[in-house]
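The values are calculated or read from the model by the stated rules, or taken from the named source; none is laboratory data. Note that the coordinates shown come from a computational prediction; the quantities given were computed from them, not determined experimentally. Neighbour counts are summed over all protein chains in view; Cβ atoms, including those assigned to glycine, are modelled from backbone coordinates with ideal geometry.
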Amino acid sequence: MAFPLPRGVVAVDEIPLEEAERCPLVIIPTSLYLSTDSATEILNGALGNDGRLLKDFGRLRKDEQLAMLLAHERSKGGYSFYAPYIDMLPSKPPCAWLMDEEELDAKFQHLRESRKLDCGTFRDLVTSTRSAMAKQSDTLAVRFGRELSITSADIVWAMGQVLSRCFGNIQEGVGMAPYIDLMNHDALATKPSGYMDDDGKEFVFVPSVFNGVPRALTPGDEIFISYATLKAPSEMLMSFGFVP
């Protein structure tokens with residue numbers, strides 16, 4: 001059994017090697033995902049089938065569509081189907097553009113000392129990204145806020161969650177995988193995999209594999225996954241708040 005904690009997901013029971021080889025640690029049905037497909041389906045009704053609003057929504061980037069869904073579902077509180085997942089999300093996403101100056105100073109100092117990175121351009125990127133996100137969130141709130149019961153601040157929060165947690169790409173579609181996306185990154189861990197059962201239902205699972213071999217776990221051991229294709233250090237910092 002594995003349970004999410006603020007630092008990630010850890011095992012609460014011993015998982016011997018034989019069990020780790022035989023059974024996945026976590027299995028999540030894809031029907032629980034928040035995705036751009038579900039955004040279109042759910043928000044069509046919320047937008048009142050207004051042709052102009054729906055057309056404008058369809059023109060948004062895929063990550064923006066998902067953020068609008070997340071913000072809207074959050075506005076429902078406990079009435080949202082996704083409330084248990086949303087309640088587990090951090091109040092402040094880890095993106096560098098959401099950090100205050102003290103946090104940024106500490107982050108840049110750590111990167112200079114541990115990674116020997118020149119952070120001179122990072123601060124300018126943080127400033128420009130923060131400004132762009134605020135401007136776009138204001139624009140989206142003006143266009144869709146009343147119908148979706150969301151504010152610019154709600155959209156900023158949701159964009160931070162999406163950019164730090166989503167999988168996929170903004171051309172074809174993105175999604176958020178409850179529980180799995182609470183796991184921290186390690187390059188030696190494996191990526192989540194998928195399968196379809198005999199009834200045609202799709203699932204994603206996380207095996208206990210580290211450095212290519214099955215891994216036994218003891219209580220307190222953290223469970224890692226390898227994130228999708230890693231980006232440049234500046235992009236990693238903007239989205240995830242760290243540079244691996």
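Looking across 55, 76, 92, 62, one residue alone is assigned by TED's automatic domain parsing to the domain that holds residue 107 and either surrounded by 15 or more Cβ atoms within 10 Å (Cβ to Cβ) or of a type in the set (A, V, I, L, M) (or both). It is 62.
Every condition in (1) surrounded by fewer than 22 Cβ atoms within 10 Å (Cβ to Cβ); (2) β-branched (Val, Ile, Thr); (3) out of contact with any helix residue (DSSP H, G or I) (no Cβ under 8 Å at 6 or more places or on another chain); (4) touching a residue at least 40 places away in the same chain (Cβ under 8 Å) holds for residue 223 except the one numbered (1).
Scanning region 203-215 for residues that are exposed (fewer than 13 other Cβ atoms within 10 Å of the Cβ) and not in a loop (DSSP other than H, G, I, E, B) yields one hit, 213. In this entry, residue 167 is excluded by the filter for residues that are of a type outside the set (Lys, Arg), at negative phi, in contact with a Leu (Cβ under 8 Å, 6 or more places away or on another chain) and surrounded by 18 or more Cβ atoms within 10 Å (Cβ to Cβ). Assess whether residue 145 counts as being touching a Pro at 6+ places or on another chain (Cβ under 8 Å), modelled with pLDDT of 95 or more and not basic (Lys, Arg). Criteria not met by residue 145.
The single condition from (1) under 29 Å from residue 43 (Cβ atoms); (2) modelled with pLDDT of 90 or more that residue 168 fails is (2).
Restricting the first residue to region 37-64 and requiring it to be more than 22 Å from residue 166 (Cα to Cα), which pairs with a second residue that is surrounded by 19 or more Cβ atoms within 10 Å (Cβ to Cβ) meet a Cβ separation below 6 Å and a spacing of at least six or different chains? If the second residue must be surrounded by 19 or more Cβ atoms within 10 Å (Cβ to Cβ), the pairs left are 46/148; 53/47; 54/47. Quick one: would you say residue 150 is modelled with pLDDT of 95 or more, of a type outside the set (Gly, Ala, Ser) and part of a loop (DSSP other than H, G, I, E, B)? Judged against the criteria, residue 150 is a match. Residues in region 130-158 that are surrounded by 15 or more Cβ atoms within 10 Å (Cβ to Cβ) and either in contact (Cβ under 8 Å) with a residue 60 or more places away in the chain or in contact with a Gly (Cβ under 7 Å, 6 or more places away or on another chain) (or both): 136, 140, 143, 144, 147, 148, 150, 151, 154, 155, 157, 158.
Just one residue in the set 27, 42 is surrounded by fewer than 16 Cβ atoms within 10 Å (Cβ to Cβ) and either in contact with a strand residue (DSSP E or B) (Cβ under 9 Å, 6 or more places away or on another chain) or more than 22 Å from residue 138 (Cβ to Cβ) (or both); that residue is 27. All of (1) in a strand (DSSP E or B); (2) surrounded by 14 or more Cβ atoms within 10 Å (Cβ to Cβ); (3) of a type outside the set (Phe, Trp, Tyr); (4) more than 14 Å from the chain's Cα centre (by Cα) hold for residue 234 with one exception: (1).
For region 158-187, a residue qualifies if it is assigned to a helix (DSSP H, G or I) and of a type in the set (Ser, Thr, Tyr), and exactly one does: 164. Taking first residues from region 113-129 that are under 14 Å from residue 101 (Cα atoms) and partners that are in a loop (DSSP other than H, G, I, E, B) and at pLDDT 85 or above, the Cβ contacts under 8 Å between residues at least 6 apart in sequence or on separate chains come to 126/99.
Of the residues in region 181-202, at least one is small (Gly, Ala, Ser), surrounded by 12 or more Cβ atoms within 10 Å (Cβ to Cβ) and either closer than 30 Å to residue 51 by Cβ or out of contact with any Asp or Glu (no Cβ under 9 Å at 6 or more places or on another chain) (or both).
The one condition from (1) within 25 Å of residue 69 (Cβ to Cβ); (2) β-branched (Val, Ile, Thr); (3) exposed (fewer than 12 other Cβ atoms within 10 Å of the Cβ) that residue 218 does not meet is (1).
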